[in-house]
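The values are calculated or read from the model by the stated rules, or taken from the named source; none is laboratory data. These numbers were taken from a predicted model, which means no experiment stands behind them. Here Cβ is always computed from backbone atoms with ideal geometry, including for glycine, and neighbour counts include all displayed protein chains.
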Amino acid sequence: MQDEKLRLEDLLESSKSANDIDDRINNVAIIGAGIMGQGIGQTIASQGMEVKIVEVDNEHLNNAKAQLTENIDREIKRWAMTNSDKKAIFSRIKWETNLETLKDCELVIEAVQENFEAKVNILKQLDKIVQKDAIFVSNTSTLSLTKISETISRPDKVIGMHFLNPVPKIPMVEIVKCLHTSNKTVETVKLFASRLGKTPVEVYEYPGFITTRAIVPLINEAMHILLEGIATANDIDTAMKLGYNFQYGPLEMADAMGLDEVLTWMETLWKTLGEPRYRANPMLRKLVREQKLGKKTGEGIFKYDEHGNKIN
């Protein structure tokens, strides 16, 4: 009986500690109001937490607001959300252009372009601004978190959360621990991810982690099949959707991700790992040069209407 009592006390204390950690993260900031930043912001706000979204100027913020409004309105038309949901989400989002407004944030997520210097520059600025216990999260999919963390004064507080697009609908997130990340940071972020309704999947730091490393060769190979004239883009995607129960085919998936982003991932993996399966297809390079980047520009491998629906 005494042993059972001790075990029960241990469990209660463990639960209490976990709740203390979980409750601490209620003030979050996101740097970057692109597609990923908007999706992460919507997801956080929908769970009742305050979130600040920061961009370089008001023009970028206004564009982000308009895009997020359009995305949510589309969900309302599909009966997936209500106007009350929309009102609640926007009431919890504050749009900022000044990093100084983030002093009280407990967790900061950077969701800027996949560029080492850009991410480091932002974290260095934030390192001087936010409270000392604040956690820095990177949404990088290919860059070294260890190298990023070593540029600031709190490497133990740096961790990766690799969200997938569309963020509100994908029920998982990769939690990436770098060489210096503390166990406390890992546990805090895993609990935060659970609050967002995401299943946290822990991975070791390595270029591409799980999802990017696995999907890039598939997209690249699908583009080779298209380039070699073996099948049309529609038929390639149809075969993969019906044959392997994918929700989207690899080509439409690439368009949704943004072909410029896909190219950046491929180039980073090719440079880092040197394996041929990551060498970008010439068609991808051509489309990016022509600024045909996928859904966000209305044309990529496929064409899209103003609402992002594929035009057959």
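Worth a mention:
- Checked against the criterion of being of a type outside the set (F, W, Y), within 19 Å of the chain's Cα centre (by Cα) and surrounded by fewer than 18 Cβ atoms within 10 Å (Cβ to Cβ), the candidates T146, T140 yield just one match: T146.
- Scanning the stretch 295-312 for residues that are modelled with pLDDT of 95 or more and of a type outside the set (F, W, Y) returns E299, G300, I301, K303.
This table checks each residue for (1) small (G, A, S); (2) under 20 Å from the mean Cα position of the chain (by Cα); (3) in a strand (DSSP E or B); (4) loosely packed, with under 15 Cβ neighbours inside 10 Å.
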site: G197; (1), (2), (3), (4): yes, yes, no, yes
site: G208; (1), (2), (3), (4): yes, yes, no, no
site: N220; (1), (2), (3), (4): no, no, no, no
site: L226; (1), (2), (3), (4): no, no, no, no
site: D237; (1), (2), (3), (4): no, no, no, no
site: G243; (1), (2), (3), (4): yes, no, no, yes
site: L251; (1), (2), (3), (4): no, yes, no, no
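- Here Q247 fulfils each of the conditions (1) outside any helix (DSSP H, G or I); (2) crowded, with 23+ Cβ neighbours inside 10 Å apart from (2).
- Matching residues in the stretch 121-150 - criterion: being within 25 Å of M266 (Cα to Cα) and among the basic types (K, R): K147
- Residue pairs meeting the criteria (Cβ under 6 Å; at least 6 apart or on separate chains; first over 19 Å from F302 (Cβ atoms), in the stretch 209-227; second polar (S, T, N, Q) and not in a helix (DSSP H, G or I)): T212/S141
Residue by residue, here is whether (1) at pLDDT below 95; (2) crowded, with 16+ Cβ neighbours inside 10 Å; (3) on the phi > 0 side of the Ramachandran plot; (4) not in a strand (DSSP E or B) holds:
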position	(1), (2), (3), (4)
S153	no, no, no, yes
M161	no, yes, no, no
L164	yes, yes, no, yes
K169	yes, no, no, yes
V173	no, yes, no, no
T181	no, yes, no, yes
V186	no, yes, no, yes
F192	no, yes, no, yes
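- Search result, residues across the stretch 122-143 that are more than 11 Å from K157 (Cα to Cα), aliphatic (A, V, I, L, M) and assigned to a loop (DSSP other than H, G, I, E, B): I129, V130, L143
- Screening I301, I230 for residues that are surrounded by fewer than 13 Cβ atoms within 10 Å (Cβ to Cβ) and of a type in the set (A, V, I, L, M, F, W, C) leaves exactly one candidate, I230.
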